[in-house]
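First comes the structure, then the notes that go with it.
The values are calculated or read from the model by the stated rules, or taken from the named source; none is laboratory data. Only a predicted model underlies this, so the values are computations on that prediction, with no experimental measurement involved. All Cβ positions, even for glycine, are placed from backbone atoms using ideal geometry, and neighbour counts span all protein chains on display.
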Amino acid sequence: MAITIQRLGVGDEAIIQQLALDDALFGLEPDDDQPLIALDDHAARQFLANPAVLYWVAREAEVITGFLYCLVVPLRSGAGSEVLLYEIGVHHQWRRNGIGQALIQTMEAWMAEHATSAVWVLADNPAATLFYQACGFAIEEEQPTYLVKNIEHRA
């Protein structure tokens with residue numbers, strides 16, 4: 001098994017569009033979710049052109065076996081930035097082969113090259129928490145509470 005990891009950029013719109021359609025294959029319960037609505041070509045290009053977006057895919061030959069999507073958040077004081085790890089997924093047929101860890105290591109290498117001090121992730125289930133801990137993440141004693149407010153779009 002020869003896994004390669006590629007950072008996506010402008011020109012890779014078809015890849016994130018296909019990942020949206022194949023989303024259920026990368027979730028906790030394969031085929032349990034509905035596919036996401038894929039971005040159109042223009043929106044996908046804008047997404048990938050955004051300098052805050054970091055998006056990597058893992059491949060075995062031409063098969064996408066995993067992905068990691070995170071955002072660079074500039075700090076408002078001092079120099080540097082932090083990363084919000086927004087989403088990671090490994091195709092259900094490729095799990096337990098080190099692909100998720102390889103994606104995390106790729107993100108960490110990028111962070112080291114770009115003087116990025118910390119990465120944050122919201123682990124919303126026990127399996128995710130164990131995975132992140134195996135990758136060196138730690139639960140802080142004072143846990144923040146994330147609040148959500150949905151805003152309706154105006155037409």
Of the candidates ARG45, ARG96, the one satisfying the condition of being part of a helix (DSSP H, G or I) and either at negative phi or not hydrophobic (A, V, I, L, M, F, W, C) (or both) is ARG45
Across (1) farther than 16 Å from GLY27 by Cα; (2) of a type outside the set (Ser, Thr, Tyr); (3) over 12 Å from the mean Cα position of the chain (by Cα), ILE99 clears everything bar (1)
When the stretch 62-87 is checked residue by residue, the ones that are among the hydroxyl-bearing types (Ser, Thr, Tyr) and touching a Cys at 6+ places or on another chain (Cβ under 7 Å) are TYR86
- Query: What do you reckon, is ALA102 at positive phi and of a type in the set (A, V, I, L, M)?
  - Reply: no
Filtering the stretch 74-93 down to residues that are assigned to a strand (DSSP E or B) and either exposed (fewer than 15 other Cβ atoms within 10 Å of the Cβ) or not hydroxyl-bearing (Ser, Thr, Tyr) (or both) yields PRO74, GLU82, VAL83, LEU84, LEU85, GLU87, ILE88, GLY89, VAL90
query = Taking the stated definitions as given, is ILE64 buried (at least 16 other Cβ atoms within 10 Å of the Cβ) and either assigned to a helix (DSSP H, G or I) or touching a Phe, Trp or Tyr at 6+ places or on another chain (Cβ under 7 Å) (or both)?
reply = no
>> Scan the stretch 124-131 and tell me whether some residue there is part of a helix (DSSP H, G or I) and in contact with a Cys (Cβ under 9 Å, 6 or more places away or on another chain).
In response: no
Of (1) touching a residue at least 24 places away in the same chain (Cβ under 8 Å); (2) in contact with a strand residue (DSSP E or B) (Cβ under 6 Å, 6 or more places away or on another chain); (3) on the phi < 0 side of the Ramachandran plot; (4) not aromatic (Phe, Trp, Tyr), ASN125 satisfies every one except (2)
A careful count of residues in the stretch 3-27 that are modelled with pLDDT of 90 or more and not in a helix (DSSP H, G or I) gives 10
From the option list THR65, THR116, single residue qualifying as more than 24 Å from GLN18 (Cα to Cα) and modelled with pLDDT under 95 is THR116
If you go through ALA128, ALA102, ALA155, ALA112, the only one that is surrounded by fewer than 10 Cβ atoms within 10 Å (Cβ to Cβ), of a type in the set (A, V, I, L, M, F, W, C) and under 23 Å from ILE3 (Cβ atoms) is ALA112
Apart from one, (1) closer than 17 Å to ALA128 by Cα; (2) surrounded by 13 or more Cβ atoms within 10 Å (Cβ to Cβ) all hold for LEU54; the odd one out is (1)
